[in-house]
Amino acid sequence: MFEEAGHAYVFFSYGNHWCLNFTTESEEQKPGAVLVRALEPVEGIKQMIILRGKPEVGRLTNGPGKLTKALGIDGSFNGEDVVKSSLLYLLSRAESVKVGTSTRIGISKGRDQHWRYFVEGNPFVSKKTG
């Protein structure tokens with residue numbers, strides 16, 4: 001699908017909402033991507049409220065479908081190079097954070113695997129942990 005890591009993989013889930021993933025492997029390697037389940041909004045909050053139709057900042061982006069709706073992400077972003085793009089890109093965070101892990105959410109297989117990562121104590125995590 002993608003020649004190298006660092007691309008957006010956007011798909012429509014359950015005929016209901018878009019999900020944003022970032023590829024982590026190249027075609028030559030095994031398939032791999034990270035589902036972006038939530039983010040802490042710091043800019044553009046007024047526009048996110050308009051796009052979501054919800055005034056609660058704490059609930060604007062705390063789930064994969066909420067996040068894509070708040071950011072206006074749809075299938076047109078699929079394949080976007082998040083290293084070189086000016087439409088969709090990642091920024092590094094200056095301060096260090098404590099990363100927690102937990103079992104995955106919304107799956108029936110592999111529930112014992114700790115493949116879910118989040119910033120501990122962040123109120124914008126998509127679902128309660130532990």
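Computed from the coordinates by the stated procedures, all read-outs in this text should not be read as laboratory data. Predicted model only: the values in this text are computed from it and were never measured. Cβ: placed from backbone, ideal geometry, glycine included. Neighbour counts: every protein chain shown.
Could you compute the FRET efficiency for Val97 and Ala5, with r as their C-beta to C-beta distance and R0 at 22 Å, rounded to 0.05?
Details: r = 22 Å, r/R0 = 1.01.
Efficiency computed from Cβ-Cβ geometry: 0.50.
Amide H neighbours of His7 under 5 Å, counting only residues 5+ apart in sequence or on other chains, H built in-plane at 1.01 Å?
Amide H neighbours of His7, under 5 Å, 5+ apart: Thr23, Val82.
Please build a GNM for the chain, connecting alpha carbons under 10 Å apart, and tell me which residue among Gly110, Gly53, Gly63 fluctuates the most.
Gly110
Residue by residue through the range 45-56, what is 3J(HN,Hα) from phi via Karplus (6.51 cos²θ - 1.76 cosθ + 1.60, θ = phi - 60°)? Round to whole Hz and write x for glycine and proline.
Values per residue, Gly and Pro as x: 5, 4, 5, 4, 4, 5, 5, 7, x, 10, x, 7 Hz.
Run the numbers on the range 8-85 and let me know its relative contact order in percent, using alpha-carbon pairs under 8 Å that are six or more apart.
35
To the nearest 20 debye, what charge dipole does the range 8-85 have about its Cα centre, counting +1 at the Cβ of each Lys and Arg and -1 at the Cβ of each Asp and Glu?
Numbers: 9 positive and 9 negative charges, 99 e Å.
Dipole about the Cα centre, nearest 20: 480 debye.
Calculated FRET efficiency, Ser108 and Gln29, Cβ-Cβ r, R0 22 Å, to nearest 0.05? Before the final figure, lay out the partial values.
Details: r = 27 Å, r/R0 = 1.21.
Approximately 0.25, to the nearest 0.05.
Please arrange Ile73, Ile105 by counting, for each residue, the other beta carbons lying within 10 Å of its beta carbon, fewest first. Display every interim value, and only then the final one.
Numbers: Ile73 21, Ile105 14.
Listed from fewest to most nearby Cβ atoms, that is Ile105, Ile73.
Straight distance only, please: which lysines reach the Cα of Lys54 with their own Cα at less than 20 Å, same-chain residues fewer than 8 apart left out?
Lys46, Lys66, Lys69, Lys127
For Tyr117, Tyr9, what's the fewest-to-most ordering of other Cβ within 10 Å of each Cβ?
Numbers: Tyr117 11, Tyr9 20.
So the ranking, lowest neighbour count to highest, is Tyr117, Tyr9.
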